[in-house]
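Right, one structure below, let's go through it.
The values are calculated or read from the model by the stated rules, or taken from the named source; none is laboratory data. Please read these numbers as outputs of a predicted model, since none were measured by experiment. Here the Cβ positions follow ideal geometry from the backbone for every residue, glycine too, while neighbour counts run over all protein chains shown. Surface areas here come from the heavy atoms of the whole protein model, side chains and all, with no ligands, DNA or RNA. Shrake-Rupley method; radii C 1.70, N 1.55, O 1.52, S 1.80 Å.
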Amino acid sequence: MELRLIFNAAIFSLVSMASFSCIEQKKQKKNMNDELADAQVITEGLDTATFGTGCFWCTEAIFQRLKGVTKVTSGYSGGTIGNPTYEEVCKGTSGYAEVCQVVYDPATISYDELLKVFWKVHDPTTLNRQGNDVGPQYRSVIFYHSDDQKEKAEHYKEELNKIEAYNSPVVTAVEPYSNFYAAEDYHQNYYNENGGQAYCHFVIQPKIKKFEEVFRDKLKTF
């Protein structure tokens, strides 16, 4: 019953099918250092979640607004080549997905609550696609960092399909976390620094507005 209440008839109102795509807006250059982003959170009491919901600009902007989230980094996970560039990931042959690495305080927001946001803010029924962004780099995916995260992700996916929360089956991949490389500097904090850009205005802004309406009790006070 709880899941039915969470996933009401308005579920797809958060999935914008605007005629803008993430790839059309991005530059093809790399201007950061080539070090592997540290996946382990050494700050006492914090934990890490890694989610792919399509274009990481949207994902980053949403998770940044949640109470208990201390850091969100846009980047790439799931591939095999070392330190991939955005251009390499965009080819769709690297195995990497655009993701956000979310550092959070479990005492303030639980992994279960992060998963609720994850399921709500994108369409997990489209394989290798979010709106006009098409390719395996835009796949819906959860990279789990522990057995507990794996169990919860698989449980919710199974329940969503069991109650037919969506019109089509959930195809979100649940994969073990193996690596994470931070994306180029110009991708970081993108929406907050480029809110006037067309993609931000027409695609990300409506998603954030609807997200804030649903999760208003979970939002930070800015």
Does E87 satisfy the condition of being open to solvent by 10 Å² or more (accessible area, probe 1.4 Å), over 21 Å from A49 (Cβ atoms) and among the acidic types (D, E)? yes
Residue check, Q137 against (1) open to solvent by 50 Å² or more (accessible area, probe 1.4 Å); (2) under 20 Å from I204 (Cα atoms), all met but one. Which one? (1)
Residue by residue through the stretch 189-204, note down the ones that are open to solvent by 40 Å² or more (accessible area, probe 1.4 Å) and closer than 16 Å to F56 by Cβ. N189, N192, E193, N194, Q197
Boolean, P124 is over 15 Å from A183 (Cβ atoms) and assigned to a loop (DSSP other than H, G, I, E, B): yes
Of all residues in the stretch 166-188 being assigned to a loop (DSSP other than H, G, I, E, B), closer than 20 Å to E98 by Cα and of a type in the set (G, A, S), the one that is least open to solvent (accessible area, probe 1.4 Å): A183
Tally up the residues in the stretch 41-74 that are at pLDDT 95 or above, among the aliphatic types (A, V, I, L, M) and open to solvent by 10 Å² or more (accessible area, probe 1.4 Å), please. 2
Expected output for the stretch 87-99 (first residue modelled with pLDDT of 95 or more, partner basic (K, R), Cβ below 6 Å, 6+ apart or cross-chain) is A97/R139
Among the residues of the stretch 152-165, is any open to solvent by less than 70 Å² (accessible area, probe 1.4 Å), in contact with a Phe, Trp or Tyr (Cβ under 9 Å, 6 or more places away or on another chain) and not in a helix (DSSP H, G or I)? yes
